[in-house]
Each structure stands twice: as structure tokens, then as C-alpha cells.
1. Counting Lys and Arg as +1 and Asp and Glu as -1, each charge on the Cβ, what is the dipole of region B:208-314 about the Cα centre in debye, to the nearest 20?
2. Can you order the peptides A:55-66, A:362-373 by their average number of other Cβ atoms within 10 Å per residue, highest first?
3. When each pair of different Cα atoms in region A:358-499 is counted once in the 1/r mean, what is the Kirkwood radius in angstroms, to one decimal?
4. Could you work out the percent of alpha carbon pairs in region B:41-135 separated by over 21 Å, rounded to a whole number?
5. Quick one: 3J(HN,Hα) in Hz for region A:392-400, Karplus 6.51/-1.76/1.60 with θ = phi - 60°, rounded, Gly and Pro as x.
6. Taking N as the number of residues in chain B, what is its Cα Rg relative to 2.2 N^0.38 Å?
7. Cα to Cα, under 26 Å, and not fewer than 8 places away if on the same chain: which lysines meet these conditions relative to A:Lys114?
8. Please average, across the residues of A:345-352, the number of beta carbons from any other chain that are within 10 Å of each residue's own beta carbon, and give a whole number.
Amino acid sequence: MENITKRFGNVVANDAVDFDASPGEIHCLLGENGAGKSTLMRILFGLCRADSGFIYVNGEPATISCPRDAIALGIGMVHQHFMLAERLTVAENIIAGSEPRRHGLLDYERARQKIAEVSQRYGLAVNPDAMVEEISVGQQQRVEILKALMRGARVLILDEPTAVLTPPEVDELFSVMRALRASGTTIIFITHKLKETMEISDRVTVLRDGRTVGVEKTSDATSDGLVEMMVGRSLPIHDDHRAPAQDIISLELKDVSVAGRKGSRARLSSVNLAVRRGEILGIAGVDGNGQLELEEVATGLRRPSQGKLIINGQDVTGFDTKRIRDKGVAYIPSDRLKRGMVSPFSLARNSVLGMQHSAHFSTRGVLQEDVVREHAESIVDLYDVRAESIDQPIGSLSGGNQQKLVVGRELTRPHSVVIAAQPTRGLDVGATHYIREQILASRNRGKAVLLISAELDEILELSDRIAVIYEGQIIDVRRAGQYTERELGLLMTGQRNGV
Amino acid sequence: MDLSGDRSSKLSKRSIEWLARPGFSRFMYSAVAVLLALLIGAILIGASGYSVKEAYYNLFMGAFGGVYSLATTVVMSTPLLFTGLAVAFAFQCGLFNVGAEGQLYVGALASAVVPLALGGLPPVLRVTMGLLAGAGAGAAFGFVPGYLKAKLGAHEVITTIMLNYVATFLTTFLVKTYFRDPGPVDQTVLLPLGSRLPELISGTRVSLGVIIGVLAVALLNQVIRRSVLGYEIQAVGKNPHAAEYGGVNVSARTIQAMMISGAVAGLAGSAEAMGTLYRFIPYFSPGYGFTGIAVAVIAGESLWAVIPAALLFGALQSGGQSMQLFAGIPMELMTMVQGLVILFVAAPALASMLIKRKSSSEEGGGRA
């Protein structure tokens, strides 16, 4: 791809971008959210057209105006959001659009055989007769890859494929990618995760603000060098003026259980946790092992079926969210869009969510608009929220800026306990870095922080102590330095014996 | 993948978003929709063998031509002002109150009966008590679906529809059994002068009700925009999960929003009983509660817009009557034009509401 330029209104998504990938190469396309990675690949796959520039496939100039052209040229794309029909079987999904026929009828047997053949060749095990709605996300992704391969893809674009996968699934995906590379397939891997880039790719192209800022062989690149290229500056974590952890427990869960639906196992069983002033307790675990329940119990959104919740020495079990939060709980929820904000509300209105009834922001039931606006302005300034105005709906901001407002709102309210659940999920490197620094700063001011995260790096980087959650149980708690990464990985998947 | 389909749906989504933009363009769009409805109405009138010119001359004169016509338009608009506001307010909390019709009936009966029992009080108090009784009865009928929704998850559309039957039959039963005016007709006793809403223009039936309606719009607009209650009600309407996170008592706000909506619909009945009919007559409403839904949908997100929307429907009603009277054109043709207005204005608005909801849920799934 040469000199590709694409504008959306006044925004230049791609500004004279050059990009090339060779056969049998895993080429990583790295950049922050909004750097123009997806736009570039959408142009290659014919989902949108470049304003100017040229595309060559196997040395020949190519015109790609729709995905059908791209497929004909041997280009396949697996989107971040899968495009599968849930109520059809795996095989039916794979052949849809290119059904093998015999006497004008669908030749289902031949289709199954072909699928079995291709899936065996690359280690892409799937059951062709399973319904798509019944298989895991990782398997659905395989179906998408198979679909592209069955249509003769020699260039495979994977758009943030690891975002939806668990760590073991990521390993499996990587071995499939290696098998594909060995057979001469070109893989373009879109990501903003450095670790994965270093692990899997042969070459890496870094985009920033719609421009190519570097193309390097992965073996010549360093993580720090790539971060600098992505963000435009280096990002050392500042962690000064640390107050020592005190032996005062601010948040405690005693023997907390949450029953599952009838017949299924408990979501949480007999969880005991204590978070002290001035420390970060990290909860490590693969998503879906009770983290959501833990977060909701600790903030009163869900009542435990058994056990006690104690905040600053007071038993608050069964209190509603308002009363618990008024005890001094700042809460960064894992699902920002569902819980953390009201999308159509302005930044100003969102900046007081959870404090709308406090005496500071309302008198006799009337919101004090001046005070609210002043508060919003100060969060926007202090927490580096990039917005045109505090009157615009928060839903119109990027995910990183939305999250900065949520974090700012929570850390500026009076609190002694911070519950931070997946605080950097889906955010780019710059915003992630910023928010992690804020969480450390909060700890350093003597707050008790419960950090729930599925990102192992985040847990290791921030926590003073780490607890591992698996199938609703806390199976180990230690000081952060007392685990190796491997041990944690094994514990997270429930393997206690290997440790 | 079908790209062309994808593209066209994006295009139509954009055009719908344009239509759903607040403010002036929205107003312009409504105006265009009204003109379009009148245009198609003209074709229908012509095809039915009537003179279009005569029909629309009478329609216009009947709605706006002179004090009496304007007064009739205002009289016809008054109950719609309340019912439209009631439905629009419930929308703010994400609730679809289809029960304004029933709430109007119980409000009307309460307002037709309570002042009679307070004969000894000065008129101001009698009228005030009558209005409060109407609002209270409506609020009580709003409480039931609000409670059922908040505590049991029963959908308010179903419960309010069913309560409409309860309300119409209950009021009819009460009139026949307890409050019947001696005479040949099932109705309550005529309200004496001191128990009526005063006329604003003598000789017309324009009563204080219309002023109360406008004040109610202004008051609830302030509640929504400035108060903590309004903040919380809107938060529940736009994202109940986030409201819960923000310490909002979602059940309580749901019940309160439904009660306020019911109270306003009850006042529609009060304004009719105390300002126009001066008594309660079973089955008196030609569907004010349901037309209120159309008014609210046309008004959209803005409570202020309820006022012009109610006036539009009032004008079509009063103009339609004079069209029937002077040009001999059946009222049904005018009802058809009203239907077309609803179709052109409301259907895209409904569609855009659905699309917004869908795209926001997609976004939620994508970023989670």
C-alpha cells in the first residue's frame, strides 16, 4: 500500500501511509486507538475507499472497491466483532456465500470434509456441527479464520484478535498463526499490545495520528522504543512519596458467598479479603471467575447470600449502594458504558453521578448548576479529559477520555476505599498509563485500593499484595514479590499443583 | 457480507439522526410532515368527490379564523396538553404510559365529585381541592403500574392498558351507583358556578385549565432540568444500571415518575370535568389519553414542545369539525389527516429511538 490518504470530514485518518507485508510474514500493525490502523486495513479489505494512494497485490496494481474484490485477490479479514449467524452451525457459517453444490443442491457432506481438512492442516480444531451460539468466543474466532481460509485467503488481516480471548486461548491463536506463517500465508496483526507484538511478529509498523512513524524488524525493536513511537514520548511510571501501608483495615469481606443460579455452582464461595490503608490488593484471575460478583458485593450493587461486608470497621452488609458509597467508597466499575456513565448526559451531569444528592451539589433538591459545572471543569483539567466542552454528551468522547472522567469523578469524591475494576480495559497505552499512575497516587495518599483486573501485567505492576480468584474462590494470597509470573498464570487457571 | 445493504442502512440512519436532532430542524421537520399530511389529505378529499379548496378553507377558518375558532382550538388542545405532558414525562424515565386515558377518567370523576361535597368552602378552595382530587386520583392510578414495574418487573405497557379498562368501567359503575344525577342520563350532578374552573374568555369554554396546563409544562420542565429528582429520573430512563451505580433508588424513581405522570393525566380529566363539561359523563373522552401519546412522541425529548404539539392536534380537531359542519365533509377524513400527521412525524421519531437504543447496546457490547 503506497501513499494512502483517507479523510473523514476534517479528520485525517490516514496521511500518506505506506505499508507492505511479505508472504510468510506476521506483520504487526501497532498504534494507539484512533491511530488509523483499522482504517488502513478497512481500505485494504474494501470496506472503505482511500481518497488517494495505490494498492499492489503480488506486485500488481489492484483496485479494491468492495470486500468481494479483496476476497478475489486472496485477502481475508477477521473483524473484532464477529460476523456469524448464531443460529446456524459452524459448517453452515463457513460455507455461507460460497456453498458447494451438487445438482443444484447444497452438498453439506463435501463442505464438512473440506472444513475438516483445512482445520486439521492448521490446528484449528472446531466441531463443524456445533451451533455457533453454543461455542466459546475463541472458537468463534477460529470459525472466522476458517471462513477466510476456505475462500482462498493468502493475506489474513486480524483486527485486535486477542482482545476477546483468555490467556490460554491467546497461546492457541498464536500457534495457529505460526502454522499459517509456515504455509506461506501473510498475517497482518492489528493490536495495541506490546507484549504480543514482541512475542509473535516478524516485523512491525507503528502508526501514530494517521502517519507511519516507523517500520522495524521485531528482533531489532525494544518495547520502550515501540512505546515511544506509539505515544510520541517515553512513559516511565512515577511512583514517589509512597506512604507506608498502615495496619488499619479499611475494607473487609468476611466469608462472603454469592449463590449461583439454581443448579450451578456458587459465583463466590467463602471469600475472605482485607484491604489496608495505603496498600493495593490486586485480584488476579481469568475473566468470569467471580470478579464481577466481587465488585458488585463490595459496592452494594449485589447482596451476598452469606457473609459480611465491613467498611472502616462498620458492618455495612445489606446497605444499598448509596449508603455504602457515602461511607467513602470510590468505585471505578468494570463496565464503564453500562454502569459508569449515562451516555446521553453531558460531561457536567456525569461528573456528579453518585453525588447528585450530596449537600455540596444540591440544596433543597435543586442541583446547583454552577457548582456542578465548576466540578466538571476541574476534573477535565486535573485528569486530562480531552473534550470540546463539558456540555457535550459523554458518549461522544473516546473510551479513554470517558474513563478519565469516571476515574476523576471517583478519585475526587471524599473516600477512603477505592474499588477499581478493570480500570484500563480497552484503553490505549497513553490512557492506561495515566490511569495506573492515578491509582498508585491514590494508594500513596493512604487509600485502601482493591484492584480487580484480568490483565496480569496490571496486577503485577500495581499491587502490593495479590490474591488469585478461580471459580469464585480465593485460592491464594501473597505479597506481590512472592509469585513468579508463571505461578500466577497457573494459579489463574486453577492449577494449584504446579506451584 | 452485503455491503450495499450496510451502506444504505447507514445512510438512512444518518437521515433519521438528522430528523431526530433537537431544536429548530426538528420543528421544521414536523412542519414539513404536517404539510405532507395535508397534501395527501387533499388528494383523498379530492378523490372522494369534495372540493379541496372549500375543505381546507373551512379547516383553516375553523381552527384559526376568528376568536371563536381560536377558542375552540384552545379548548380542544387543553386535555391534550395534559395527557401529552403526562406521557412525555414518563418517557423521561424510560416509561411508556399508555394509561393516560384511564388516569384521565378517574381524575375527572374525582374532580366532578369532590367539589360537590365541599359546598361550604369558598370557591378558590373548592376548585383547588377539586384539582388536587383529580391529580391524586390520577397519581393513585399511576402508582399501581409503577409499583408493579418496580417490584415485580411487570411491563407498564401491559398494566396501563389493562388499567384503562378498570378506570373506565369503575368510573361508570361509581356514577351509576353513587353519584348519579336524578334524570334520564347517566352523569353526575352539574357543578355549581363556584366549583368550576373560571372561564378566561366569556362565551367560550376556554377555562383556567389551559393556563394550568402551561404552568404544569413549565414546572415539570424545571423539575427535569434542575432538580435532583429530575436528574435521577432521567438517569433511570437513559441508563438504569448507571443510575443504580450512582446510588439512585431505581424502584422509587420509577414509581414516582409514574405517579407524577398519572397526576398530570388526572388533571386532564379535572380540566374537562371542571372547565368544559362541568360534570362527569361516562365515556366522555374521545381518546385524549391515546392522542396524548401522539403528542408526546411528536414533542420528543423536549417537554416545551408538548405545547405546540397539543395545539396542532387541537387545531386539526376544531378545524375538522367546522369542515364537517360547513363543507359537509365527513369528520373521518380529518381523522385520516390526523393519522397521517402521526405517521409522518412519529414513525421516523420512533424509528430513530429504536436505532439509538440498538446502536448504544451494540457499542456497549463492543467495548466491554
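The values are calculated or read from the model by the stated rules, or taken from the named source; none is laboratory data. Not measured: the values here are computed from a predicted model. Note that each Cβ is placed from the backbone with ideal geometry, even for glycine, and that neighbours are counted across all protein chains shown. Keep in mind that these areas ignore ligands, DNA and RNA; they rest on the heavy atoms of the full protein, side chains included. Shrake-Rupley method; radii C 1.70, N 1.55, O 1.52, S 1.80 Å.
1. Taking the Cα centre of region B:208-314 as origin, the dipole is about 100 debye.
2. Values: A:55-66: 13.0, A:362-373: 14.8.
Ranking, from highest mean packing down: A:362-373, A:55-66.
3. Its Kirkwood hydrodynamic radius stands at 17.3 Å.
4. For region B:41-135, the fraction of Cα-Cα distances above 21 Å is 60 percent.
5. So the Karplus estimates, Gly and Pro as x, are 7, x, 5, x, 8, 8, 6, x, x Hz.
6. 1.04
7. A:Lys147
8. Numbers: counts 6, 0, 0, 0, 3, 3, 0, 3.
What the average comes to for A:345-352 is 2.
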